[in-house]
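One structure is given below, encoded as structure tokens.
The values are calculated or read from the model by the stated rules, or taken from the named source; none is laboratory data. All values reported here derive from a predicted model rather than from experimental measurement. Using ideal geometry, Cβ is built from the backbone for each residue, glycine included, and neighbour counts are taken over all protein chains shown. Ligands, DNA and RNA are excluded from the accessible area calculation, which covers all protein heavy atoms including side chains. Shrake-Rupley method; radii C 1.70, N 1.55, O 1.52, S 1.80 Å.
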Amino acid sequence: AALKGALRLQVSAALKEGHVTPTELCQQCLSLIKSTKFLNAYVTVAEETALKQAEESEKRHRRGQPLGVLDGIPVAVKDNFNTAGIETTCASNMLKGYISPYNATVVQKLLDQGAVLLGKTNLDEFAMGSGSTDGIFGPVRNPWSYSRQYKGKSVPKSHSEDEESNWVITGGSSGGSAAAVSSFTCFAALGSDTGGSTRNPAAHCGVVGLKPTYGLISRHGLIPLVNSMDVPGILTRCVDDAAIVLGSLAGHDPKDSTTIQDNFKPFELPNLTDVSKLSIGIPKEYHAPGLSSEILALWSKAADLFKNAGAKVIEVSLPHTCYSIVCYHVLCTAEVASNMARFDGLEYGHRSDMNKSTESLYAATRREGFNDVVRGRILSGNFFLLKQNYENYFIKAQKVRRLIANDFVKVFRSGVDILLTPTTLSDAVPYMEFIKEDNRTRSAQDDILTQAANMAGLPAINVPTALSKRGLPVGLQFIGRSFQEKQLLTVAKWFEKQVKFPMIQLEEVKRHDRNVFQYQKSASFS
């Protein structure tokens, strides 16, 4: 029962009252991690460290002095956040074996609150991808591939085909964190979000994925992809839990000059009963090419839900949205080229045996350490940054980015409170279908509905909404005003209660393990 509870009302209360101990909770999660190893959600499981942290938490609870709501709560962290004493690889040969001497600020804040760190989760190499399929540890499998809902509606030719080729992707690049939360191996997980890398897998795995306002949460210790867009993301099983984790992480960090200077006050979400004063904007440009009829119908149904409850629902225009994915690609690869320059084989990470010259060492190290996707983005970025191309590509893309950000400003100034959009173009696709297209093509398709919020620095959240005809999760995205996370999460919580997202019925399918377990999930965990 503890595995299914909401953090504040059920799990934290159960820990305080002694109905379950932090050690028992940790052991249950570690056991589940082993049982669901086939999902490939984790790349490192810090069992010994986690149990020690749980023991310390248990002592605090016995004294009646827990550090907060998160004390004793098992969490997981995407493997592109630095963790002292635990390997940080970014799912790349370039950093295989690298152990950071310090914790990322967000990791340290979780530990300071007494959270129990179970391990590091899988991702696309250096977070470059939208499927969690391109890392050195192999692809992450979506827990819903093994749910009764999906299995009951998919018709494989044989049992072996069902297991080997019918499973669906998690989305990416934070697919390991999304799968970890969805499969009940932890209560919350950190992802990163540069163009949708938290919200995309959250939509495909049926969990809540929050991308906070740029600057609200410290990026210190998050291995950078695109400095001007990267944001630590939060994945939980309900909106209330996302608010709790946000409250623990947000605020100024002297180690990150891009964080806000003002103090952040954690908040408890109110139960919204009257939405009549709300104005919900429906951006017409988000009816994008490739949007499935199923998601379009769900989006329309959600708008009607607000309208029928008394909210003002209006169609709005974000006219520069059609240029956003191209603009994003130019800026993303340019910053990637700059950030990846630090991996030269001299200070840390992989170092080639090639030692004929410094130049040959650099070249061999980067050829051996990076996969084709990373090398391709470095090449693209350096092309855009060439002296003869800089004005026509990078500078022009920066100007378009400003226009995109201004579109959002104008819409919010017109009186719109929240924007409602799809998160993804469709539900999760089978892995064998996903890999038919290259990473760049897939990323351009999958980021189309999410990356504009990153370029504008706005908060956005995926809320699991319904199951598709194939029995897979579909989510919708809410985009809010800058630094208005409380309003965004309050509306998301109201919507979550209305839609009553159905339960996952997850079966353990390992051939050598005869045990079958079933866990049920609703939008509020229990």
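Select from segment 94-124 the residues that are in a helix (DSSP H, G or I) and of a type in the set (Val, Ile, Thr) and list them in ascending order.
105, 106, 107
Just give me the residues in segment 1-34 being closer than 23 Å to residue 146 by Cα, buried (at least 16 other Cβ atoms within 10 Å of the Cβ) and modelled with pLDDT under 95, in sequence order.
Result: 2, 3, 4, 5.
Scanning segment 351-370 for residues that are within 19 Å of residue 87 (Cβ to Cβ) and part of a loop (DSSP other than H, G, I, E, B), which turns out farthest from the chain's Cα centre (by Cα)?
Step by step, filter segment 351-370, then rank; the result is 351.
Do you know which of the residues in segment 428-447 that are in a loop (DSSP other than H, G, I, E, B) and open to solvent by 20 Å² or more (accessible area, probe 1.4 Å) is modelled with the lowest pLDDT?
Within segment 428-447, the match that is modelled with the lowest pLDDT is 438.
What pairs can you find where one residue is in segment 224-237 and touching a residue at least 60 places away in the same chain (Cβ under 8 Å), the other is among the acidic types (Asp, Glu) and assigned to a loop (DSSP other than H, G, I, E, B), and their Cβ atoms are less than 7 Å apart, with a gap of 6+ or different chains?
Note: pairs meeting the criteria are 224/230.
Got a sec? Which of 305, 269, 246 is in contact with a strand residue (DSSP E or B) (Cβ under 9 Å, 6 or more places away or on another chain), surrounded by 14 or more Cβ atoms within 10 Å (Cβ to Cβ), in contact (Cβ under 8 Å) with a residue 60 or more places away in the chain and farther than 22 Å from residue 409 by Cβ?
Unique residue meeting the criteria: 246.
Regarding residue 45, is this residue hydrophobic (A, V, I, L, M, F, W, C) and open to solvent by 10 Å² or more (accessible area, probe 1.4 Å)?
yes
I need the full set of residues from segment 351-385 which are closer than 16 Å to residue 134 by Cβ and loosely packed, with under 12 Cβ neighbours inside 10 Å, in order please.
372
Could you tell me which numbered condition residue 94 fails, if it satisfies all but one of (1) open to solvent by 10 Å² or more (accessible area, probe 1.4 Å); (2) at pLDDT 95 or above; (3) farther than 26 Å from residue 242 by Cα?
Of the numbered conditions (1) open to solvent by 10 Å² or more (accessible area, probe 1.4 Å); (2) at pLDDT 95 or above; (3) farther than 26 Å from residue 242 by Cα, the odd one out for residue 94 is (1).
Here are some conditions: (1) touching a Ser or Thr at 6+ places or on another chain (Cβ under 9 Å); (2) of a type outside the set (Lys, Arg); (3) within 21 Å of residue 290 (Cα to Cα). Residue 414 meets all but one. Which one does it not meet?
So the condition that residue 414 fails would be (3).
Given the criterion in contact with a Gly (Cβ under 7 Å, 6 or more places away or on another chain) and either farther than 18 Å from residue 182 by Cα or crowded, with 23+ Cβ neighbours inside 10 Å (or both), identify the matching residue among 218, 197, 228.
Every option except 197 fails the conditions.
Do you know which residues across segment 247-292 are among the basic types (Lys, Arg) and at pLDDT 95 or above?
Matches in segment 247-292: 255, 277, 284.
Where the second residue is among the β-branched types (Val, Ile, Thr) and open to solvent by less than 20 Å² (accessible area, probe 1.4 Å) and the first is over 27 Å from residue 336 (Cα atoms) and lies in segment 129-147, which pairs have Cβ atoms under 7 Å and are six or more apart or on separate chains?
142/168; 142/169; 142/170; 143/504; 144/168; 144/504; 145/168; 147/504
Among the residues of segment 468-496, write down those that are within 23 Å of residue 263 (Cα to Cα) and either among the small types (Gly, Ala, Ser) or in contact with an Asp or Glu (Cβ under 8 Å, 6 or more places away or on another chain) (or both).
480, 481, 482, 487
If only one of 451, 487 is more than 17 Å from residue 305 (Cα to Cα), under 17 Å from the mean Cα position of the chain (by Cα) and at pLDDT 90 or above, which one is it?
The match here is 451.
If only one of 348, 328 is part of a loop (DSSP other than H, G, I, E, B), aromatic (Phe, Trp, Tyr) and either open to solvent by 50 Å² or more (accessible area, probe 1.4 Å) or under 30 Å from residue 383 (Cα atoms) (or both), which one is it? Give the steps one after another, and end with the answer.
Details: 328 fails: part of a loop (DSSP other than H, G, I, E, B).
348 is the lone residue from the list that is part of a loop (DSSP other than H, G, I, E, B), aromatic (Phe, Trp, Tyr) and either open to solvent by 50 Å² or more (accessible area, probe 1.4 Å) or under 30 Å from residue 383 (Cα atoms) (or both).
Give segment 68-91 a look and list any residue that's part of a strand (DSSP E or B) and either touching a Leu at 6+ places or on another chain (Cβ under 7 Å) or open to solvent by less than 50 Å² (accessible area, probe 1.4 Å) (or both), or say none.
Once the filter is applied, which keeps residues that are part of a strand (DSSP E or B) and either touching a Leu at 6+ places or on another chain (Cβ under 7 Å) or open to solvent by less than 50 Å² (accessible area, probe 1.4 Å) (or both), segment 68-91 yields 74, 75, 76, 77, 78, 81, 83, 86.
Within segment 412-427, how many residues are buried (at least 21 other Cβ atoms within 10 Å of the Cβ), more than 22 Å from residue 145 (Cβ to Cβ) and among the acidic types (Asp, Glu)?
Matching residues across segment 412-427 total 0.
Consider segment 120-153. How many of its residues are open to solvent by less than 10 Å² (accessible area, probe 1.4 Å) and of a type in the set (Asp, Glu)?
2
Identify, from the list 416, 400, 411, 373, the residue that is touching a residue at least 24 places away in the same chain (Cβ under 8 Å), more than 30 Å from residue 470 (Cα to Cα) and in a loop (DSSP other than H, G, I, E, B).
Among 416, 400, 411, 373, only 416 is touching a residue at least 24 places away in the same chain (Cβ under 8 Å), more than 30 Å from residue 470 (Cα to Cα) and in a loop (DSSP other than H, G, I, E, B).
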